[in-house]
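Data first, discussion second: the structure below is written as structure tokens.
Read-outs: derived from the displayed coordinates by stated rules, not from any lab. Note that this is a predicted model, so its numbers are computed, not measured. Here Cβ is always computed from backbone atoms with ideal geometry, including for glycine, and neighbour counts include all displayed protein chains.
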Amino acid sequence: MPDLADRLADRVLELVDVPSESHSEAEAVAYVLDRVPGARDAGDTCVLAGVTERRERPLVLFAGHLDTVPAQGNFPGHRSEDGAVVHGLGSADMKAGVGVMVELARAELDASVDVGFVFFGREELPFGDSALTPLLAREPGLATADLAIVMEPTSNEIHAGCVGNINATWTFRGVAGHSARPWLADNAIHRAGRGIAALAELEPVDHEFAGLVFREVVSAVTVHGGVARNVVPDACVVEVNMRYAPGTSAAEAEAKLRALCEPHGELRVDGNAPSGAVPDVGHALVSKLVAAGDGLTVAPKQAWTPVAELAAVGVDAINFGPGAPRFAHRRDEQVEVAALVESYTILERFLCG
């Protein structure tokens, strides 16, 4: 029997080598169904295992997405020569977390709580494409869980809550004309420049929520415009991203963004993923997890994660996983084997006392 480090490293490398870019998760679904005892196909890229509805004991769910972003020359994966690091697509986000979930499900632990496992696809796509929210509607028993641990990359810290995420299209209109006589035209790119400059002057706004500080930020992320070098353009399109703190509703965040953008151009909101609530500081199971890690760091999640989808159906949820956020979605994506061992060991202690 390989030791824990090798088992976890081999598991994660196997998962990395299963192709599962968003919308192509079928092989990963088959892998989990084959490797996790008692797993059942829950449809639409989703797999469930263990206890999936609360009984007499508290219910803890582990949740992880199977999909990855597109490859960047980092598929298939490999293990470093010294064996200390697993490299490859999705290794940090989040096949490291899925690997730990698979090994926990196979371990037949003598847990003091009931344990369930939720695997799902399409998390790396816009919020409306996620397979998790429809799964929660099809499987209402999941909403009876006392705590969900989403195995997102957190470097084995507890990241509570998550920021909301708005994607929008900002369109600037002008009047086309000859670039030799620009005073007869109205340059849409110049209009966009003034709008973008106004956004660039904004400082991040800190919001304290449940004792944690989240940052509200707005960024212009793409610019599209122009016809030819001798044409003053009559349209320019800018894509905008806003991240907003827990405690701010989706409607309130959209109103703020419109107030910033609409004095300069037309704004169309393309997607608005709500923020995720932070569990109460005194949540018994969260406190137990902190203790299992000898005083785990608790930090705000300055990103959007599926804790928001779980919070929407009334489940307290946190982020905790072995991947390092700094390696997520990178060409050199990787996870340290020591981090896999640490994550597994903390969660085993948490479940079994």
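Observations on the model:
- Relative contact order, whole percent, for the chain stands at 25, derived from Cα pairs under 8 Å and 6 or more residues apart.
- Against the main long axis of the alpha-carbon atoms of the chain, helix 96-106 sits at an angle near 30°.
- Amide H contacts of Asp44 (H built 1.01 Å from N, under 5 Å, at least 5 apart or other chain): none
- 0 to 90° range, to nearest 10: angle between helix 250-261 axis and the chain longest Cα axis: 30
- Fluctuation leader among Ala328, Ala277, Ala200 - the chain, Gaussian network, Cα springs under 10 angstrom: Ala200
- Overall form of the range 268-353 per C-alpha gyration tensor (a/c, 1.5; a/b vs b/c): oblate
- Relative contact order (%) - criterion: Cα under 8 Å, at least six apart; region: the range 164-273: 43
- Converting phi to 3J(HN,Hα) with the Karplus coefficients 6.51, -1.76 and 1.60 and the offset θ = phi - 60°, the range 186-196 yields 9, 6, 5, 5, 5, 4, 4, x, 5, x, 5 Hz in sequence order, with x at every glycine or proline.
- The region of the chain that goes longest without hitting one of the GluC sites (Glu not before Pro) in a DSSP loop, each with at most 15 other Cβ atoms within 10 Å, is 202-353.
- For the chain, modelled as a GNM whose springs connect Cα atoms under 10 angstrom apart, the maximal fluctuation among Ala317, Ala148, Ala111 occurs at Ala111.
- On Cα atoms only, tilt of 26-35 relative to the major axis of the chain in degrees: 20
- By definition, a body whose alpha carbon gyration tensor gives a ≥ b ≥ c is prolate when a/c is 1.5 or more and a/b is larger than b/c, and the range 34-105 fits this prolate description.
- Helical contribution to [θ] at 222 nm, DSSP H n ≥ 4, -39,500 (n - 2.57), averaged over the chain, rounded to 500: -8500 deg cm²/dmol
- Charge-dipole axis of the range 174-325 as Lys and Arg at +1 and Asp and Glu at -1 on Cβ define it, positive-most pick from Pro182, Thr222, Val286: Pro182
- Build a GNM of the chain with springs between Cα atoms under 10 Å apart, and of Ser287, Ser179, Ser343 the one that fluctuates most is Ser179.
- Magnitude of the charge dipole, the chain, Cβ model with Lys/Arg +1 and Asp/Glu -1, debye to 20: 1040
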